[in-house]
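A.B. asks: One structure, as structure tokens, below. Some questions next.
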Amino acid sequence: MLIYMQLFFEFFRIGLFALGGGLATIPFLEQLIDKYGWITSADLLDLIAIAESTPGPIGVNAATYVGFHVEGLLGSLIAVLGLVTPSVIIIIIIAHFFAKFKDQKWVQDSFYGIRPVVAGLIGAAGFNVARMAIVNLETVVVCGAFLLVMSKWKKHPIVYIALGALVGVVLKL
């Protein structure tokens, strides 16, 4: 029973503070590695690859992955419930009051002020993922090649996701 409470409250905390979407959850997921050992750094990289490649929000996919890894199907459900509960509560509160206050300058300034925080969280997540994923010369070359190809040929992101998955499997990255 304690593990389910831990899953719920840890993912509740992530859902409450990971502003900016799924990539902003990565620093919080890294903390779970240190705090509980529920997943390893290698698991986190797999989680990111799977969450980015599958339909649905990255944060929900990550909660599902970690919850299942820790306690199976019920663990997945509890982790996802913990992750989405803060958003549901906040949206209900905002929806109730937003119509009254949306034109207030302090409301508009608050939303404007959140933007750099979100950018910072996403930037930190991107840096941490790169730090974990680029581990040897082979991964540096593959990353550089993908950056070059993506800058020259503008294709739909699914093309690069599929190509990246294929390259990763072939090279066993």
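A.B. asks: If you go through the range 98-112 one residue at a time, do you hit one that is in contact (Cβ under 8 Å) with a residue 12 or more places away in the chain, surrounded by fewer than 17 Cβ atoms within 10 Å (Cβ to Cβ) and touching a helix residue (DSSP H, G or I) at 6+ places or on another chain (Cβ under 7 Å)?
C.D. replies: No, there is no match, as no residue in the range 98-112 is in contact (Cβ under 8 Å) with a residue 12 or more places away in the chain, surrounded by fewer than 17 Cβ atoms within 10 Å (Cβ to Cβ) and touching a helix residue (DSSP H, G or I) at 6+ places or on another chain (Cβ under 7 Å).
A.B. asks: Something else about it: Inside the range 103-173, counting only helices (runs of 4 or more DSSP H) that do not spill past its ends, which hold 2 or more residues that are of a type in the set (S, T, N, Q) and assigned by TED's automatic domain parsing to the domain that holds Ser53?
C.D. replies: Those helices (runs of 4 or more DSSP H) span 105-133.
A.B. asks: Can you tell me which residue in the range 131-173 is surrounded by the most Cβ atoms within 10 Å (Cβ to Cβ), limited to those that are among the small types (Gly, Ala, Ser) and at pLDDT 90 or above?
C.D. replies: Residue satisfying both the conditions and the ranking: Ala145.
A.B. asks: Scanning for something surrounded by fewer than 20 Cβ atoms within 10 Å (Cβ to Cβ) and either at pLDDT 95 or above or basic (Lys, Arg) (or both), does the range 45-67 turn up at least one residue?
C.D. replies: There is no residue in the range 45-67 that is surrounded by fewer than 20 Cβ atoms within 10 Å (Cβ to Cβ) and either at pLDDT 95 or above or basic (Lys, Arg) (or both).
A.B. asks: Using the structure shown, decide if Ile94 is of a type in the set (Val, Ile, Thr), farther than 15 Å from Phe8 by Cα, surrounded by 10 or more Cβ atoms within 10 Å (Cβ to Cβ) and modelled with pLDDT under 85.
C.D. replies: Yes; evaluated as a whole, the condition is true for this residue.
A.B. asks: Give Leu47, Leu73, Leu83, Leu7 a once-over and let me know the one that is among the hydrophobic types (A, V, I, L, M, F, W, C), over 25 Å from Ala162 (Cβ atoms) and under 13 Å from the mean Cα position of the chain (by Cα).
C.D. replies: Answer to the check: Leu83.
A.B. asks: Could you grab me the full set of residues in the range 18-53 that are in a loop (DSSP other than H, G, I, E, B) and more than 25 Å from Ala119 (Cβ to Cβ)?
C.D. replies: Result: Tyr36, Gly37, Trp38, Ile39, Thr40.
The values are calculated or read from the model by the stated rules, or taken from the named source; none is laboratory data. Because the structure is a prediction, the values reported are computed rather than measured. With ideal geometry, Cβ positions are generated from the backbone for all residues, glycine too; neighbour counts draw on all protein chains shown.
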